[in-house]
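Novice: Below is one structure. I have some questions about it.
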Ligand SMILES: [Zn+2]
Ligand SMILES: [Zn+2]
């Protein structure tokens, strides 16, 4: 992990223990947790940290582009500390979100450009399905 102090300084962010805790937690997991999940996970170490504080820390971290917010529908958001462009797959039954690794879509931006005449700047690829536990 890059030095969090350096990153925060570059982004002109105050290094509050809450922000550091939330950021570190997201960097340590691939689970794409919701704010509530992060709140519960940090509770034992930061018993005084409220859910509202978690939301605020998340908002700040998203704004300075240290984490990604994934809109998983119906006003639900998940958070991802992996800033590299990567596709996601979500289970429509239990809601888990996974990274899709090992498949890339190198031509998708170029293909869309050809079809739409847009200059494509970025793309988000999102799949829905049933995870292996829910398939049973
Ligand atoms: Zn599932
Ligand atoms: Zn991800």
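Novice: If the elastic network links every pair of Cα atoms under 10 Å, which of 106, 47, 17 fluctuates the most in the Gaussian network model of the chain?
Specialist: Maximum fluctuation in the GNM of the chain, among the listed residues, is at 106.
Novice: If you don't mind, there's one more thing I want to ask. How do 127, 77 line up, fewest other C-beta atoms within 10 Å first? Could the numbers behind the result be given before it?
Specialist: Numbers: 127 10, 77 15.
Result, fewest neighbours first: 127, 77.
Novice: Using r as the Cβ-Cβ distance of residue 7 and residue 37, and R0 as 25 Å, what FRET efficiency do you calculate, to the nearest 0.05?
Specialist: Using R0 = 25 Å, I get an efficiency of 0.60.
Novice: Starting from 0.36 nm per residue, how many nanometres of slack lie between residue 85 and residue 24 once their C-alpha separation is accounted for? Spell out each step's value before the answer.
Specialist: Numbers: separation 61, 0.36 × 61 = 21.96 nm, distance 1.94 nm.
Extending this stretch completely gives an extra 20.0 nm.
Novice: Stretched out fully, how many nm does the piece from residue 62 to residue 45 gain, at 0.36 nm a residue minus the Cα gap?
Specialist: 3.8 nm
Novice: Listing 115, 32 from the residue with the fewest other Cβ atoms within 10 Å to the one with the most, what is the order? Please list the in-between numbers first.
Specialist: Numbers: 115 8, 32 23.
By the 10 Å Cβ count, ascending, the order reads 115, 32.
Novice: Could you work out how much longer the chain between residue 109 and residue 124 gets when fully extended? Use 0.36 nm per residue separation minus the Cα distance between them, nm to one decimal. Let's see the in-between values first.
Specialist: Numbers: separation 15, 0.36 × 15 = 5.40 nm, distance 1.02 nm.
Extra length from residue 109 to residue 124 when fully extended: 4.4 nm.
Novice: Give me P(r) over the stretch 88-135, computed from all C-alpha to C-alpha distances, binned every 10 Å, as integer percentages.
Specialist: Computed distribution, short to long bins: 24, 37, 27, 12, 0.
Novice: Another question, then. Over the chain, what is the relative contact order in whole percent, taking alpha-carbon pairs under 8 Å and six or more residues apart?
Specialist: 21
Novice: Over 10 Å intervals from 0, what percent of Cα-Cα pairs in the stretch 11-113 sits in each interval?
Specialist: Final binned percentages: 13, 43, 30, 11, 2.
Novice: While we're looking at this one, here's another question. Order by neighbour count: 38, 103, fewest other Cβ atoms within 10 Å first, most last.
Specialist: 103, 38
No value in this document is a laboratory result; all are computed from the given coordinates. In this text the structure is predicted, and so the values were computed from the model without any measurement. Quick reminder, even Gly has a Cβ in these numbers, built from the backbone with ideal geometry, and neighbours come from all protein chains shown.
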